[in-house]
1. Of the conditions (1) in contact with a Lys or Arg (Cβ under 8 Å, 6 or more places away or on another chain); (2) over 30 Å from Leu111 (Cβ atoms), Arg1 fails just one. Which one is it?
2. Can you give me the ranges of the helices (runs of 4 or more DSSP H) entirely in segment 115-210 with at least 3 residues that are touching a residue at least 60 places away in the same chain (Cβ under 8 Å)?
3. Within 16 Å of the chain's Cα centre (by Cα), at pLDDT 95 or above and acidic (Asp, Glu): which single residue out of Asp64, Asp21, Asp92, Asp50 fits that description?
4. Determine which single condition Pro190 fails, assuming it passes every other condition in (1) surrounded by fewer than 18 Cβ atoms within 10 Å (Cβ to Cβ); (2) at pLDDT 95 or above.
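The values are calculated or read from the model by the stated rules, or taken from the named source; none is laboratory data. Note that the coordinates shown come from a computational prediction; the quantities given were computed from them, not determined experimentally. Note that we place each Cβ from the backbone using ideal geometry, even for glycine, and neighbour counts take in every protein chain shown.
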Amino acid sequence: RVYFDLGNAHLMLNEMQECLDCYNRALSAGYDHAEMQFFMALAYEYMENDEMALRHLTRAILKDPAVPEYKVKKLEVLARMGRMDEAMEMADDLIASAPELFEGYHAKTQLLQQLGELEQAARFAEEAFGKFPEDVGLLLDYAKASALAGGIDKAFGLLERAEQMPSFEAERQNISLLRAQLYAEKSDFPQAISAARACVDMEEGVPFNQ
């Protein structure tokens, strides 16, 4: 256990090789837990070694399949590696095992878009938002998917709906960014610039023109 704790300290300091050395010593001493396998995956991901990250994520899930964070991270790594079929399987597994979490729905919408299944992505995003009608993030997914599928006017309407939601502030900057992109798509460049400036203001905390 002492090597695990020491490895965690190195991990927090971004000392990844030292972190992995400690975790491997913990393994040699017989300490092998799902959480440590997950942390080893995070260290390898930081070191841009997705193959090793994937190996340890798989081990973490085998040891404790009930932790959704492990599956979310594995899905991200698979998608980054271009292993889209496996990533989609992981998204479906995440939705089935943790249907109360939005991450699986969000990930599947993005995967469908990356695969070029734009209409299917829009339909799935609509279905996902129907399950979580108070989640402004999923409504934003729905708006993006609708726009990519050609429904720009529908996307504008969804953004207006998002701005009426209690949790609007959490996605305010992303909504402004998407609005700027939609105006640009419609060649309404003055409105696009205005929305982009609002997005910059939120990022920097000061008006764009000051």
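1. It is condition (1) that Arg1 fails.
2. The helices (runs of 4 or more DSSP H) meeting that bar number zero.
3. Asp92
4. (2)
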